[in-house]
1. Relative contact order of chain D: what whole-number percent is it, with Cα pairs under 8 angstrom and at least 6 residues apart?
2. Please identify the longest segment of chain C free of exposed trypsin sites (Lys or Arg not before Pro), where exposed means a DSSP state other than H, G, I, E or B and no more than 16 other Cβ atoms within 10 Å.
3. Expressed in whole Å with the largest first, what are the equivalent ellipsoid semi-axes of the range B:247-401 derived from the C-alpha gyration tensor as the square root of 5 times each eigenvalue?
4. Tally Lys/Arg at +1 and Asp/Glu at -1 over every other residue whose Cβ is under 9 Å from the Cβ of D:G20; what's the total?
5. Check C:Y185: other-chain or 5+ apart residues with amide H under 5 Å from its amide H, H built from backbone geometry?
6. Hey, what do the phi angles of the range C:187-201 turn into as Karplus ³J(HN,Hα) couplings, whole Hz, using 6.51/-1.76/1.60 and θ = phi - 60°, x for Gly and Pro?
7. Assuming 0.36 nm per residue, please report the length gained on full extension of the stretch B:K373 to B:N210 beyond their Cα-Cα distance.
8. Treating the angle as unsigned and between 0 and 90°, give the value, to the nearest 10°, between the Cα long axis of helix C:230-239 and the longest Cα principal axis of chain C.
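All of the numbers you see were taken from the coordinates with simple rules; none came from a lab. The model shown is predicted, which means the values in this text are computed figures rather than measured ones. Ideal geometry is used to build each Cβ from the backbone, glycine not excepted, and the neighbour counts take in all protein chains shown.
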Amino acid sequence: MSIEHKITEIRWHGRGGQGAKTAALLFAEIIIQTGEYYIQAFPEYGPERMGAPVQAFNRVSKNIITIHSNIINPDYVVVLDSSLLESNQVTSGLKCTSKIIINTALSSYAVSMKIHFNKDNIYVVNASNISIETVGKNIPNAPMLGALIKIVGNIDLNMSLNSVKNKLLDKFRNKPEVVNGNLNAISRAFQEVKNN
Amino acid sequence: MIRPLSSKGKLVAKTGNEIAAEAMRQIEPDVVAAYPITPATEIVQIFSQFVADGIVKSKYIAVESEHSAMSATIAASAAGVRAMTGTSSQGLCFMWEMLYIASGLRLPIVMVAVNRAISAPINIHCDHSDTMGARDSGWIQIYSESVQEVYDNIIQAVRIAEQTKLPVLVTMDGFIISHCMELVEVYNDDAVKSFIGEYTPERYLLDIKNPYTLGSLDLQNYYFEHKYQIAKAMIDAQTTIVNIANEFTKCFGRSYNLYEKYMMDDADMAIVIIGSAAGTVKMAINELRSQNIKIGLIKIRVYRPFPKDNIAIDLANIKSIAVLDRSDSCSGAFSPIYSDIVSSLYSEGITTPKIISYVYGLGGREITIEHIKNIYKTLNQIMLGKDQKDCSIVHYINLRK
Amino acid sequence: MINLQTLSTLQERFTGGHRLCAGCGAAIVARQVLLAAGKKHVIVISATGCLEVSTTIFPYSAWKDSFFHSAFSNAAATCSGIEVAYKSLKEKGKLKEDIVFITFGGDGGTADIGLQALSGAMERGHKMLYICYNNEAYMNTGVQRSGMTPLGARTTTAPVGRIQQGKTESKKDLTQIMIAHNIPYVAQTYIGNWHDLITKVQKALSIYGPSFINILTPCRLGWGYPPEETINIGKLAVETCVWPAYEVENGIYKINIKPNPPKPIIEFLKCQDRFKHLLKPENSHIIDKIQQDIDHKWCILQKQEWLSSYPC
Amino acid sequence: MDKYNEKKDKYTTATTIPIGDIVEAGTASTFCTGNWRSRKPIWNNTKCINCLICWIYCPDSSIKLISKSNKTIVSGINYTYCKGCGICANVCNIKAIVMEEENK
């Protein structure tokens, strides 16, 4: 796994209602299934409402994580809504080694032109499309979670799906059909995320 | 492989609010009366779902205000049952008069407070102004650094409250802990239930065979004695808290004390802090220690009763100390923790350490490792006896003056 | 049918030796309400006020049942907590006895500072009888105006001065506010008719759910009359229709006493110092206004009684 | 009346006073308020018809009752509590209770 002894930091960008916070929480749940890592998952909170740009964060480390301040220089950035690329928040604090994963129909190259960042570290997946095809509406957090799992590397997909399934069964106990749709979305994005 | 410390535990990922609700599920108090307030709302939401699902036998009173939340909690406790509540910020302010009544009537209530700034201006983010304002209300106050500590502190609080007959406030930092998911070891239900035991009050209002009056008018000839009883109980509570912490360690593995010493054994400089930022300070100290800098941390866990005697001894040989308060007293003098530390040292006749005050993080203002490293620089200058450009005692971190 | 012979065989549950004023109406309320509870197990809750401070001066309590007080504005919320704790212990089999809960509050503790807690508790439907011993001002702190102080009455914060003649606003109708909560039983009664008061308390205690009784409780200190007049003044309030004795059971109004004809309000006003300034010729318009208000409200009440019993 | 109103001996210090200001039920019955009185109700045994109206309206539980052949009858005034308000005399239609100056 590419997560080593230092703390790996992840920043999620989305709009209120797209599930960035939920994705960060689900990612943390997946990571603890490995039994190898300590985690944190926390949202950036403000009086934002549906549609407003929001962020959520993860920390992952083999050592206990005691730090309780914000993430400034993330190792991974996950963007749930390509319209957010217009703001410079998405690239804020990026290191040259940081990887950025974007929900877009564009190519990595096209995105790199927009945000002036190394194409090789830009990964793209059409998560909105996947979400509409699997869940029936554009809630891109599940497919972006699948894409992140792939890019971070060495995280078992089946284990991840199981973890998410357990969590969602609890949350959507009155709507079990939502669970399968989301699991399919994760699997598809895991396969489809690319760097081109 | 990360493993639970206890054979009775398993590792889960939970936020501070979720773990507070989880602890409450395991404690299963007879009555919970609460009113929602950001950022503590989730606690009562999750708990009322437990009630709605029949997972707990607790009764949930969806009161119409925090004043009534504390009133109903007090009443339920006086009636003879285990009663809990939770709140934050303005909610705690609205409870104010009832806080003193809870301790004055010696009711073993446990309350979870999620720290949040106080209006005006309105702000929903973390600082400690709310619970610091209640620091002399006769409540035991236990601050938590992490989600794990929130959980462990709430479980211990039930025992502490019932043994000391004092209400206990367990706090966590708003959003920073309340909404932060961390890896946390939860213990199995039976182990928690057996640790807290059954509640058997000596006197209770519903015991109609032994009727009595509670909440009487106490005039000049008795009020002072009753207040002294509370002050005395607060001092005696220190031993109780430590004993219960030791028992907790035996049951579940994690050790707790009135305060935590981090890298203090050979320290020349020290930072004193409370709450979640202690974790950030630990990271900074790790980095500084790797450069052979002898700096340590005292993280106060039990702020009331204030562990004045031991803390004074532990700080006696430190050359320079920075006390970090996440609240400002607006008194024209010093912030709460700073005042307590200085008084503790002075009352023990210890005047060697130079002590400076830092106010940080009001309204959720960020504090980072870099800020802590800057504090070290100042502490080092003071230790070396070098003149400071800013020689004032009170400093503000990350403030645009 | 209740009678004094039967009542007199019951245990007195409110003892002498309390320190309320000589001739205090609130003491009469407390005694009669607890007598009405008969042999039921009772827990008494009280808001801060005259009744509470004067009956529980440490280490003496006039209450033979368990009694709890914590603050001024929260009596109903306090009763909520005890009632829910009771239900919890009952369900868990830890408590066998049936207990009723009676909460006392003055008009301030009920209708002003305590209104929010009262409204919340009534809406949540706790099984409690809430008694407002309504003496129409903050008597415990020395007769300041409350939202229940009537138009024209002199208090220390609605004084009589060169340009003001006592309270310039009418009182709010607490009983109607409680009726609007759609609780099973709301009643208005008074000191001066033990039968009406005790009957209503017994009815309220037999109902499952919240009940509320608003008791006009003359205060010799704040109203300004000789202590022996407490009962007579209570009676006059009903005879002049300034305080109709009525009840609303599951939405159906019943006026218990219908004076025919009602006495003019001057009969009620002239025997109390708090209204003495109104007797001056230049203030006659205030008395006229008071009389008009009474006539209007009495008329409406009779219509409400008729309307609520009319089949839908 | 010396037994009344004296401070309870055991309640002397913070260690002996009950915590949380607990008061035992009904203890006001050991407190004398009779010395508040400036006027005194005098009950006339022969006039009294035992209607009990004075008893039900007394604010200080000061009308003494006894049971006699399954009937409750008035037996006098409890001057330990009676504050001399005069309500009993006022509500008594047949004037079986009258008020007198306390030190007459």
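1. Values: 145 pairs, mean separation 33.8, N = 104.
Result for chain D is 32 percent.
2. Details: sites that count: C:K39, C:K40, C:K92, C:K94, C:K96, C:R162, C:K172, C:K270.
With trypsin sites (Lys or Arg not before Pro) excluded where exposed in loops, chain C gives C:173-269 as its longest stretch.
3. Working: eigenvalues 103, 64, 62 Å².
So the equivalent ellipsoid measures 23, 18, 18 Å along its semi-axes.
4. Values: positive: B:R106, B:K165, B:R203; negative: D:D21.
Charge balance near D:G20 sits at +2.
5. Distant-sequence amide H within range of C:Y185: C:F212, C:N250.
6. Karplus values, whole Hz, x for Gly and Pro: 9, 10, 9, 7, 6, x, 9, 4, 5, 4, 5, 5, 4, 5, 5.
7. 52.6 nm is the gain from fully extending B:K373 to B:N210.
8. Between the helix axis and the principal axis of chain C, the angle is about 70 degrees.
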